[in-house]
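Accompanying notes for the structure given below.
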Amino acid sequence: MEKNGALIIVDVQKAFDDKKWGERNNLNAEENISKILHLWREKGWTVIHIRHTSDNPNSLFHPNHKGFAIKEIVKPNNEEMIITKKVNSSFIGTNLEEFLRQNDLSTVVITGLTTPHCVSTTTRMSGNLGFVTYLISDATAAFGVKDQNGTYYDAETIHNISLATLHSEFAKIHTTEQLINEFIK
């Protein structure tokens, strides 16, 4: 693995603390992201924070809502880039791809919220754009959802199936421990 790959932290915002989302898996995701973030900062490697925004004033992701804020546990420092997006992909309508290419960052490590939405969409595009992509399975999380027939799927099932659809084709799926071991060796 390229030792100076970019860490991308997707949508770790206070909006996801709202009870409206329902049941969530992997309650330690933010702690694991924080561990990875500290390693990246120690090494002086590139960290990119992605922040979702909405034009709807009633949205938890509207800039005037407290939910727009990035959670303290992964709060950006002054050297770290913050990219704001309006859609699920961190690459659409942003300068993310351009920044990565201009800085010769061909490897990305993706973490954040939520696994089946912005994390998986960003991961798919990263793989399709030719970046060596790592998705950290315990540094992302999902919420339970109902399908079009009203069948409920719990958060852990949604998370695991999302990871399975990305595995090998779009990204290498690692745990936080596997990633840290690979980067330190």
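The values are calculated or read from the model by the stated rules, or taken from the named source; none is laboratory data. What you see is a predicted model; the values in this text were computed from it and never measured. Cβ: placed from backbone, ideal geometry, glycine included. Neighbour counts: every protein chain shown. With ligands, DNA and RNA removed, areas are computed over all heavy atoms of the protein, side chains included. Shrake-Rupley method; radii C 1.70, N 1.55, O 1.52, S 1.80 Å.
Figures for the structure shown
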read-out	value
Filter result for the condition that a residue is open to solvent by 20 Å² or more (accessible area, probe 1.4 Å) and at pLDDT below 95, over Gly44, Gly93	Gly44
Filter pass, Ile73 being in a helix (DSSP H, G or I) and surrounded by fewer than 17 Cβ atoms within 10 Å (Cβ to Cβ)	yes
Condition met for Gly5 (open to solvent by 10 Å² or more (accessible area, probe 1.4 Å), modelled with pLDDT under 95 and within 24 Å of Asn95 (Cα to Cα))	no
Residue list for region 154-185, filter: surrounded by 15 or more Cβ atoms within 10 Å (Cβ to Cβ) and of a type in the set (Gly, Ala, Ser)	Ala155, Ser162, Ala171
Checking Met125 against (1) loosely packed, with under 15 Cβ neighbours inside 10 Å; (2) within 23 Å of Ala15 (Cβ to Cβ); (3) among the hydrophobic types (A, V, I, L, M, F, W, C), the condition it does not meet	(1)
Residue match in region 85-92 (condition: hydrophobic (A, V, I, L, M, F, W, C), under 25 Å from Ala15 (Cβ atoms) and not in a loop (DSSP other than H, G, I, E, B))	no
